[in-house]
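The values are calculated or read from the model by the stated rules, or taken from the named source; none is laboratory data. This one's a predicted model, so the numbers in the text were calculated from it and none came from an experiment. Cβ sites come from the backbone with ideal geometry, for glycine too, and all protein chains shown count toward neighbours. Note: areas computed on protein heavy atoms with side chains; ligands, DNA, RNA excluded. Shrake-Rupley method; radii C 1.70, N 1.55, O 1.52, S 1.80 Å.
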Amino acid sequence: MKLYLQDLENLTNLTLDNYNQRAESFWEGTRDHDVSQNIEALMQTIEGKPPFTILDFGCGPGRDLKVFSGLGHNAIGLEGAARFAEMARSYSGCEVWQQDFLKLNLPENKFDGIFANAALFHVPSQELPRVLLELHETLKPRGVLFTSNPHGHNEEGWNSGRYGTYFDHKMWRHYMSVAGFIEHAHYYRPAGMPREQQSWLASVWHRMN
């Protein structure tokens, strides 16, 4: 079903309102999550000599943004929820851009890597090709995009007050390939669990030159 402009604005606003209203409890529930596997997957794939310029796309309250900065990289956050953006600036000390994922304003050829951890699944499938192209263009040639999303059977809709898309690996690879990315690796999380209990699909992609 086609989503019109008003539909897109409504689902964006409702999803962001949900996060803003629950910002403190979300932070308390996620601040100690160990995503070092994902951070390492991005950093080990970026070519060249550090420090790197990293965009933490959907940075939330700034947990991982602070890690990238602490590693000596030039880390910039991007966040749609106003409350999260405030928290991320305070917690990480980094620059944070507050931007709607569907209304991005990104510089070209800026970033060595993009860390999109638990973020891109909020982009409706109808808009995903355009958003991925914008991420492609803000990466430097051979730049790296890391993504981690809850996977499913290619359905989308509302879940606990937030809009989301839930792709399997084949469909996600299709979207990424069309946008000009080459897959480097993918894996499922949490690590060490049976596949039926690994609800997250993580993947690492190079921008084609």
Flag if Asp112 is surrounded by fewer than 24 Cβ atoms within 10 Å (Cβ to Cβ), assigned to a strand (DSSP E or B) and at pLDDT 95 or above: yes
Hits in the stretch 86-104 - residues which are in contact (Cβ under 8 Å) with a residue 24 or more places away in the chain, assigned to a helix (DSSP H, G or I) and surrounded by 15 or more Cβ atoms within 10 Å (Cβ to Cβ): Met87, Ala88, Arg89, Tyr91, Ser92
Residue in the stretch 20-35 that is touching an Asp or Glu at 6+ places or on another chain (Cβ under 9 Å), of a type in the set (Val, Ile, Thr), open to solvent by less than 50 Å² (accessible area, probe 1.4 Å) and in a helix (DSSP H, G or I) present: no
Some residue of the stretch 36-54 being open to solvent by 10 Å² or more (accessible area, probe 1.4 Å) and more than 20 Å from Arg207 (Cα to Cα): yes
Filter result (in a helix (DSSP H, G or I), within 22 Å of Lys2 (Cβ to Cβ) and open to solvent by less than 80 Å² (accessible area, probe 1.4 Å)) within the stretch 167-190: Met171, Trp172, Tyr175
Residue list for the stretch 115-141, filter: open to solvent by 20 Å² or more (accessible area, probe 1.4 Å), over 23 Å from Thr45 (Cα atoms) and touching a residue at least 60 places away in the same chain (Cβ under 8 Å): His122, Gln126, Glu127
Some residue of the stretch 5-14 being buried (at least 16 other Cβ atoms within 10 Å of the Cβ) and within 17 Å of the chain's Cα centre (by Cα): yes
Count of residues meeting criterion [open to solvent by 20 Å² or more (accessible area, probe 1.4 Å) and either in contact with a Ser or Thr (Cβ under 8 Å, 6 or more places away or on another chain) or in contact (Cβ under 8 Å) with a residue 12 or more places away in the chain (or both)] in the stretch 196-209: 5
Filter result for the condition that a residue is under 14 Å from the mean Cα position of the chain (by Cα) and at pLDDT 95 or above, over Cys59, Cys94: Cys59
Where a residue in the stretch 22-40 is hydrophobic (A, V, I, L, M, F, W, C) and its partner, wherever it lies, is assigned to a helix (DSSP H, G or I), with Cβ under 7 Å and at least six apart: Ala23/Arg83; Ala23/Phe84; Ala23/Met87; Phe26/Tyr19; Trp27/Met87; Val35/Asp64; Ile39/Asp64; Ile39/Val67
Odd one out for Ala191, checked against (1) in contact with a strand residue (DSSP E or B) (Cβ under 6 Å, 6 or more places away or on another chain); (2) at pLDDT below 95: (1)
Of the criteria (1) open to solvent by 70 Å² or more (accessible area, probe 1.4 Å); (2) in a strand (DSSP E or B), which one Met193 fails: (2)
Residue check for Gly60: under 29 Å from Gly152 (Cβ atoms), among the small types (Gly, Ala, Ser) and in a strand (DSSP E or B): no
